[in-house]
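See below for the structure under consideration.
Coordinate-derived values only; no laboratory data. What you see is a predicted model, and the numbers here were worked out from it, not measured in a lab. Because the Cβ atoms are built from the backbone with ideal geometry, glycine has one as well, and the counts that use them run over all protein chains shown.
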Amino acid sequence: MPEIAYTVACTFTDPEVAESWAAWLRDGHLADVCAAGAIAAQAVKIDGDALRYEARYRFVSRAAFDAYERDHAPRLRAEGLAKFPLDLGLTYERSVGEIVSAATG
């Protein structure tokens, strides 16, 4: 049964909003998603011209991810949008996929 990778990418127009969003991830949101079913989470600031961050999560199975989506994601997304509404210049993209291979060093 393959693990599932779930990524939420966010692009910002305001550096202060981007830093606040990253702090929100660090100070609780990543842990909240783990408490809701993810087995790992990380926040990554993407190199380049755009102000872009990614929140990356791993789930043990598709069933675990589906349970997260059904039972927890609506509440957690609503909390995020309440703190960081789209009119602050945020753009979200989400992707989901099966992890086909991995290595550790």
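For residue 90, the shell of other residues with beta-carbons less than 12 Å away shows a net charge of -1, using +1 for Lys and Arg and -1 for Asp and Glu.
Say the dipole of the stretch 1-93 comes from +1 at the beta carbon of Lys and Arg and -1 at that of Asp and Glu; which of 43, 10, 91 then lies farthest toward its positive end? Farthest towards the positive pole: 43. Where does helix 62-71 land angle-wise versus the long Cα axis of the chain, in degrees 0 to 90, nearest 10? Between the helix axis and the principal axis of the chain, the angle is about 50 degrees. Translational D (Stokes-Einstein, µm²/s) of the stretch 4-96 at 37 °C and 0.692 mPa s when Rh comes from the Kirkwood sum over C-alpha pairs? It diffuses with D of about 245 µm²/s by this estimate.
If I take every Cα pair under 8 Å that is 6 or more residues apart in the chain, average their sequence separation and divide by the length, what percent do I get for the relative contact order?
Relative CO of the chain lands at 44 percent.
Here the sum of -39500 (n - 2.57) over DSSP H runs of 4 or more residues, divided by the residues of the chain, equals -10000 deg cm²/dmol at 222 nm, to the nearest 500. The angle between the Cα long axis of helix 15-24 and the main principal axis of the chain comes to about 40°, on a 0 to 90 degree scale. Spacing of the modelled spin labels on residue 70 and residue 7, each 7 Å from Cα toward Cβ, amounts to 2.7 nm. Taking the longest Cα principal axis of the chain as reference, the axis of helix 73-83 is set at about 10 degrees. Counting Lys and Arg as +1 and Asp and Glu as -1 over every other residue whose Cβ lies under 14 Å from the Cβ of residue 3, the net charge comes to +1.
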